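Laboratory data are not the source of any read-out in this text; all were calculated from the coordinates shown. This is a predicted model, so every value here is computed, not measured. Using ideal geometry, Cβ is built from the backbone for each residue, glycine included, and neighbour counts are taken over all protein chains shown.
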Amino acid sequence: MHFEEGRTVGIDLGTTYSTLAYVDETGTPVAVPNEDDDVETASLILLMGKGHVIVGPKRERAAMEDPKNVIERIKRFMGREYTRVFDGRPVTPEFVSGLILKKLKQDAEKRIGPIGNAVITVPYYFNDTRRKATQDAGKIAGLNVVDIMNEPTAATLTYAWHKGELGATASEFGKPKKAMVYDLGGGTFDVTLVQYTPTHFQVLATDGDTELGGIDWNERLANYVADEFVARFGDDPRDSEQTLQILRNECDLKKIELTEKTETKILCRHAGKTLTLPITRAKFEQLTADLLQRTADTVQLVLEQAKLTPKDLDAVVLVGGSTLMPQVRQMMRNLMGREPYVGISPYVSVALGAAIHAAILEAQHRPESGMAETVRRMLGAVRQENVNSHGLGIVVKEPGTGRKINHVMIPKNTRLPVSISQVFQTVQENQRRVNVQVMEGDAPDPEACSLLGNCRIFDLPENLPKGSPVEVTYAFDTAGRISVTARDKTGGREASIEIQRRGTLTEEQVDAFSKLAAEYKVE
């Protein structure tokens, strides 16, 4: 594992807020405040002029800006098609996220010195394309990304550290423990089951939704207010991007207010008219009941996948700012039959865990990092095992029917790292290349899965007879990234491989965006 000069940090790159943390010389994970002395930086950008942006302004200010100069919620577009012109040029989610990471890096360096390396977290349910996009964003920001880490796993490390269990002796700890991490952030949701000891963290099962988070609760509230406005005045606030932006911010603030209060009022101004609408916590919970139920269904599914019941768990850990909503905590009490553990910050626990993981990697691979020897010994002994959140398959023709099916090679929740091989046969004389469609998903129907990309195998030996075997090996690494190798079994030599991934940047594009990001003034 290669490390650049400078500190290695952990970064929670969130949909609504992001945090950078590191482990100090005493072994304590610390969230680093930004220039405004806040440990969280809003994951949004304001364009101030050519080559000049403000990252992380107060959301109240951003709500008043021209919408065409504001980019937010960019995490939801990572690894997906995204069309946006910003500063007179088309931009990608990787570039926008790179500017957010650049801001985190430059603010932190004023406090802790040069930063060269980072562990960046992602939702467990992020697929390979989104993981690569996150890695590219780090490179664009000038960071050497030593690992991509799953957010619930990071939270589990923080939980174990907070409980004093990380590095404890076997006699102090007892038998392995099982914890459920329920992670409801601003834009994504995961449920993960982890079995752990002081030195071994093993993920048992995971599931989630990259299109579910606190902003969806906000949207329900905003749509309710807009519908009431239409019923009262006939005009729709959603017709104005500026009004909708202000309304969304107002609903976000009132959602937070309803965490402490049972009733509040929401103000909406549009087309010269004003509506002040009372809203109770009970009404808010009614409007969003189906969103909450989706998380409950995922909790039950993950328990079934792991063949566990709530009674088998030693802890239920809530992570993510959206878990502060009373409806979430009450639902988990009802489902689990216990009080959820709320002793760690829902805001920074993922970043702290990423920092712990970064320190573990340094302890294992970078002896000159300057870490105290006792801390190095403790962290160097920690092992982590993950599972893949998506099945990996290939499109083949079903024998007998000839119809195309997704042949699952590595099922979901397989322990990582893992590799598996498949033998293909050439279909014509002197075939020099093979093209295989690589799918993410466990359904037999390729239409129900996601096309990761095309795996093209080049430079097979000349004059191979029809039906010659070509062995293709697919692998998941510990970070959930996919790689492919191929070997001609007739001649025994490796063929060159190219995965044409959908929705990701080429290396040339990453380098170009890196140069562009370096030129931007970010404050």
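When the C-alpha to C-alpha distance is required to be over 21 Å, the pairs from 255/283; 58/521; 132/412; 68/139; 261/311; 105/255 that qualify are 68/139; 261/311; 105/255. Compared with the direct C-alpha span, the chain from residue 4 to residue 519 gains 183.3 nm at full extension, assuming 0.36 nm per residue. Applying 1/(1 + (r/R0)^6) with r as the Cβ-Cβ distance of residue 490 and residue 304 and R0 = 51 angstrom yields a FRET efficiency of 0.65. Computed from the alpha carbon positions, the gyration tensor of region 1-135 leads to an equivalent ellipsoid with semi-axes of 25, 19, 13 Å, biggest first. Bridges between two residues of the chain, per DSSP, are antiparallel at a rate of about 80%.
When the alpha carbon gyration tensor of region 1-57 is reduced to an equivalent ellipsoid, its three semi-axes come out at 26, 15, 10 angstrom, largest first. In straight-distance terms, cross-link reach from residue 397 covers every one of the aspartates and glutamates whose alpha-carbon lies under 13 Å from its own, apart from those fewer than eight places away in the same chain; here that gives 445. Rg/Rh for region 68-182: what does it come to with C-alpha atoms and Rh from Kirkwood? Ratio of gyration radius to Kirkwood radius: 1.09. Here is the list for region 366-445: GluC sites (Glu not before Pro) lying in DSSP coil, each with at most 16 other C-beta atoms within 10 angstrom of its C-beta, are 368, 429.
Region 388-434 and region 282-340 have Cα centres lying 36 Å from one another. Between residue 286 and residue 448, what is the label-to-label distance in nm when each label sits 7 Å out along the Cα-to-Cβ direction? The modelled label-to-label distance comes out at 3.7 nm. Per-residue ellipticity at 222 nm computed for the chain from its helices equals -10000 deg cm²/dmol, with DSSP H segments shorter than 4 residues left out and the rest contributing -39,500 (n - 2.57).
Over the Cα atoms of region 332-423, Rg to Rh with Kirkwood Rh, two decimal places?
1.19
Computed from point charges on the beta carbon alone (+1 for Lys and Arg, -1 for Asp and Glu), the dipole magnitude for the chain about its Cα centre is near 540 Debye. For percent of Cα pairs over 38 Å apart, the candidate list reads (i) 32; (ii) 23; (iii) 43; the entry that matches the value derived from this model is (i).
Spin-label model, residue 163 to residue 478: label points 7 Å out along the Cα-to-beta-carbon direction sit 2.2 nm apart. A Förster distance of 30 Å, applied to the separation of the beta-carbon atoms of residue 50 and residue 269, puts the FRET efficiency at 0.40. Remark: the residue 432-residue 68 segment gains 126.1 nm on full extension, using 0.36 nm per residue and subtracting the alpha carbon distance. Considering only 176, 162, 143, whose Cα is most displaced toward the positive end of the charge dipole of region 142-183, charges sitting on Cβ of Lys, Arg (+1) and Asp, Glu (-1)? The residue sitting most towards the positive pole is 176.
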